[in-house]
Every structure is written in structure tokens, then in C-alpha cells.
């Protein structure tokens, strides 16, 4: 069996990936078995060397719980203490400087909600396994940045929006872009702000046109570490620099350039040999998959001449780069801009002028500002317009979903390279598509208690229709919406606000603004001038104020209102008590109802109890627990000064064998009742 084109580099790169995966999940080493006959020694060498590097120099785990006190230099949000690199947690974030700090070391937080930020994985990808929680700080001195003079010249003479954009395009610094960065994401242009081969190509191109013979390759090679120092070693820039460096070295030595696949594999191997944990970096994954897509697709396409050829090539490059990225982008960001090929086609000429101008501004300062300013404004305007385009939204994708996508793509790539006929390729591709449709057919019957801090937010999926009950405070709205999108929620059959308290209804006006809603159920305690009531009226959402005895059929289940049977003009007492019947299980949701209301409820055995008032001692009485006989109790709670949940309530539940889950300790909780066809 012959090795594929670029076999040495590809073999080392694949071996490096399997070795890095094996350090995280030993079972992944089994994936090497089917690949060994194809790549042989390069794959075995790459795997063994990365594994050996990981075993001999593992990422050290700091002593969690240890207290620290002393003088620390903080740069970029990180510091070092006792031989460990630590992430500094303080609000607001500490600017670069020298500080006297007091605090303790703790492990990074894991992901607390579907679609939420996984601090542990992010920090591990950077080689960090500890968080320095700062309790006291005293600023002692600023920390000088030798790159500051270069940055000042880069933005000199530019308006603030264009200055921030130029820093992003030339140095990869997106910190000041804020709203503009969201435009670039929704327009499909965010990759322009991640330093990569495009930027390295512009930089090196300016040197390679010099009439210096083969010494121009050496000069270009020396520019790469300078650019890495100036912009910082982001994964995509390291990848581009390694690939360019390998080719430049070959040209200088008279060996010729390395092929794209060869250079890509070698760069990946070297990057993982240096830091196996970098495999967890989203930037690294996106960068290598994008270049791999370009290398697999573009050589097989014929390029027309002239303007038509430029347009066709630009569109093909965008589609090729995204071919391998689609599931990863949807999984991590929840959307894919459908106008991305068009916006990239229009943006590339502007970037082709702006980036070289930016490099020149590093040396010439404000002299080039009159040229850079209108180009920057045009690119910002394009991103703002492109952000209004349609988005393909998707929830989180399972490992099976990733596998089916790439299995479906493989025959198409084989046909593109004339390995198999197109009819056979389309037939083979249809099989994973059919399998994915069948896998999505049984709809889950489950209840999610989402982590919104000190508040409640529950999502019930009832076999093809979804119910959201409460949403936490207004500052939790973005977190809540991210979780809903990650769970694949495109609209809500029913929105329920149990009572007007901010920790239950505060984020719901933004949910109303973002998602289509079939029907809203509000507690009679809501005043007509409440922001949620106004938001529902503005969107034209049908709204009811139900009382005890109301029933609503939702999907394969039913929502029953158990309270209020009468009104007291007290927001907590007039809250909605709900019984969610999933067909294969029931959940009782008690809002913030006090014990006096619990006594009036006619409650039978249920599977799940959403504890009243975040575990306050004013609810969840012994009588209610004995009547409901829940197997699982859910408590939505965060850091609070009220002592929620009260130890008596927790003891009462656990004493009856109830499994208690609380969001402050467990993050989001899912209770699965089964599936509906």
C-alpha cells in the first residue's frame, strides 16, 4: 500500500495528534492501528515522540487550596508562583503590572451550562492548570511592554474604531473591538482577525521581492520570530510561521519548497511536540482544519482566467477552508454565516491593502493614516452589513454527529480527486445523511435546570416542543440564550414566568426578543408595566394569566397549573406552581411558594421536585416531601447572603433518600425521562 502525497509530514502530524489525544484519552491510541499500514514509520515516530514528551514533561498540577501572598508580576492575566503558571482571577481584571497579592490557588472551573465557557479546557490548552483567586491586591508598579512603541506607531493618526481594527488585523489583538468583533463573527470574517498564513504571506511577500538572491529567504526567515514576538504566539500564527519557515529554509538550502500537506503535517508535529496540550486549543483546531481543507480541495479545481477566475478562486477558497470546519463552528459558536463566501470575496481586496499598510505603519507611524483610514472604515461597514445576513443556527454536535459529517464528506473529496465516480460518491454521502436524520428522530423527554446563578431557569423538552420556565436575572440573559442555542432550541412552544421577581423573570424580555414564542403564561402577580409584559406585547405573543386547574398540551406531554387557586397580592404566594407531565415521568416546580401554599396543593408522587425558593426554609416542608416522594430534587442557587439552600431543607430531602442537585455545586443538571417517537 503506497503512502499518500506528503506522507512523511502527514504521518508525523497524524502521529502527533494521536499521541496528544492518547495523553488525554488512552483509548485514542487504538485509532493508530488502521493508519499504521498507510503511514508506517512516520506515524509511529510522531506518536511515540509526542507520547514520550508528555510522559517525561507532564503539565504540572499546582497545590489546590494553597494560600499565596507576595509580590507578583501580572501580564496578560497570568502570573507565575512557585514554579507554576497561574491564571489570575480578579474583578475587574488586573492590568499588566507588579502587584502585592493575597489569595489562594484553585482548580479551573468546568463548563457549567450547555454551550458555556469551559475554563478548564481553555487554560489547559495554554499550559495552565491553576487559578489564583485574588482576595487583596496592591498595585506597586506598571510592567513595561517593549512592544508598546510599535503599537503606538501602528494606530497613530487613526480613528478609534479603525485603530482597534488595525490592531486586530496586524497584531491579532481583538480586545478593543467589542461590538465590531461580533459583526465580523456574524459576517463570517472573524478569521481575518486571527493571524495566520494570510498575514504571514503579506509580510514575507514584501521581503521576497527584494533583489537579494537566495539571501532574501534567510531575511524572510528571520522576520518570522520578530512577528511572533510582536503579535504573540497564537496557535494559528505559530502554524503559519512553522509552515513558512520550513519552505523558506528549503529554498535557502536549495532543496525547494515543502508541499502544503508536507509542511502542514510537519508544523503540526512540531507544535504538538513542543506542547501536546495545545491540541485542546480551538484556534489550533480551526487553523489546521482550514488549511487542510484548502490543500484537499483547491488543487483538484480548474481555475478560469481573468476576473471570472479571481471570483471563482476566492469563492472556492472560502468554501474549501470551511468544508472541514462546519461542524466545529456550529458546535462551538452555534451559527454559520450563510453569506460568508460573498463577504469574504468583498473583504479580501480591502484586507490585501490594509494588512501591508499596517506593517508599514509599524515603522512609518501616522504618515500612512490617510490611506489606512478609509480602507478600515470600508471593512467595518462591510462587516456591519454582512452581520445582518442569514445565519444557519445549530445546537451542540455529538461525537457521532462529527463522525457522520466527515464520513459524508469523504466520498465527495474522493470524487473531486477522481478516485471514484460522482454517482457513487453521492450515494455513499447519502448514507451518513440518512443515519443522521434517523439519529435525530427520537425526541428527548428531559428537564434541564440551567445555571443562572442565584435564580431559576428550567427548560423542559417534551418530545418535539419546548417549555422554558423562568430565566434568572437580566445579566444572565446571554448565558441563558447560549445554553438554549446549544440545546438546539430555535423557538419555544411555551414561555412561563412563575412570578415577577428579578431572579426569575429578569432575563426573559431578551429571550422574547431573540426567540419565537407560541404562548406565554404569566403569574397574575405581573403588573402591566413590567418589562416582560411590554416585551410580549411588542412581539405580539399571546399571553395568559392562568390559575389552578389550567392545562396545556405541549408536544407529547402536558403542563398543569396547580396554583394560584386564589390571589393574595403577594408575588411569592401568587406564583405559578406547575406539574410537568412528560408521559414517562412528572416534575413538580414550586417557584418561590411558601409552606402555607404547599399545604393547599394536592400533590401526588412525582419523579422530580424543583425545590421552592432556592432551598429557603420557608418552603419544601416535611409534609410536601412525604406526599411528593421525589427521587430527584433540583435547587437553582448561586452565591447569596441568604443562606440558600438552608441546611434543614437539604437534610430533610436527603433523609428521605432524595438525590439533591444544586447549580452552585453541580452546574446545569439534566434529568432524562426517555424519548418520544
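Any read-out appearing in this document is the output of simple, stated calculations on the displayed coordinates, not a laboratory observation. Note that the structure is predicted; figures quoted are calculated from it, not measured. Because the Cβ atoms are built from the backbone with ideal geometry, glycine has one as well, and the counts that use them run over all protein chains shown.
In whole Å, how far is the Cα centre of the range 69-88 from that of the range 501-553?
Here the answer is 47 Å between Cα centres.
For the range 258-350, which semi-axes, largest first and in whole Å, follow from the square roots of 5 times the eigenvalues of its Cα gyration tensor?
Working: eigenvalues 139, 68, 20 Å².
Output for the range 258-350: semi-axes of 26, 18, 10 Å.
Restricting to the chain, compute how many DSSP beta bridges are antiparallel as a %, nearest 5.
On the way: 55 of 79 bridges.
Looking only at bridges with both residues in the chain, the antiparallel portion is about 70 percent.
Give the distance, in whole Å, between the Cα centre of the range 298-317 and the Cα centre of the range 616-677.
Between the Cα centre of the range 298-317 and that of the range 616-677, the gap is 60 Å.
Compute the relative contact order of the chain as a whole-number percentage, counting only Cα pairs closer than 8 Å that sit 6 or more residues apart in sequence.
Working: 1339 pairs, mean separation 69.0, N = 677.
Contact order relative to length: 10 percent.
Among 471-479, 559-567, 132-140, how do they line up from the highest to the lowest mean number of other beta-carbon atoms within 10 Å?
Details: 471-479: 20.8, 559-567: 18.4, 132-140: 15.2.
Result, highest mean Cβ count within 10 Å first: 471-479, 559-567, 132-140.
For a protection proxy built on the mean count of beta-carbon atoms within 10 angstrom, sort 490-503, 297-310 highest first, please.
Numbers: 490-503: 21.1, 297-310: 11.5.
So the order, starting with the most tightly packed, is 490-503, 297-310.
List 419, 186, 443 from most exposed to least, where exposure is judged by having the fewest other Cβ atoms within 10 Å. Spell out each step's value before the answer.
Numbers: 419 11, 186 22, 443 17.
Listing 419, 186, 443 from fewest to most nearby Cβ atoms yields 419, 443, 186.
Over the range 7-54, what is the relative contact order in percent, taking alpha-carbon pairs closer than 8 angstrom and at least six residues apart?
On the way: 66 pairs, mean separation 26.8, N = 48.
Once divided by the residue count of the range 7-54, the mean separation gives 56 percent.
Select one label from (1) 151; (2) 220; (3) 197: the one whose number is volume of the Cα convex hull per residue in Å³ as derived from the coordinates shown.
This structure yields the entry labelled (3).
Please report how far the C-alpha centroid of the range 205-230 lies from that of the range 114-148, rounded to the nearest whole angstrom.
Taking the Cα centre of the range 114-148 as reference, the centre of the range 205-230 is 34 Å away.
Once Rh for the range 108-185 is found with the Kirkwood sum over Cα pairs, what is the Stokes-Einstein diffusion coefficient at 37 °C and 0.692 mPa s, in µm²/s? Spell out each step's value before the answer.
Details: Rh = 16.0 Å.
Taking Rh from Cα pairs, D becomes 206 µm²/s.
Quick one: what does P(r) look like for the range 67-142 with 5 Å bins over all Cα pairs, in whole %?
Whole-percent P(r) values from 0 Å outward: 3, 16, 27, 25, 15, 8, 3, 1, 0.
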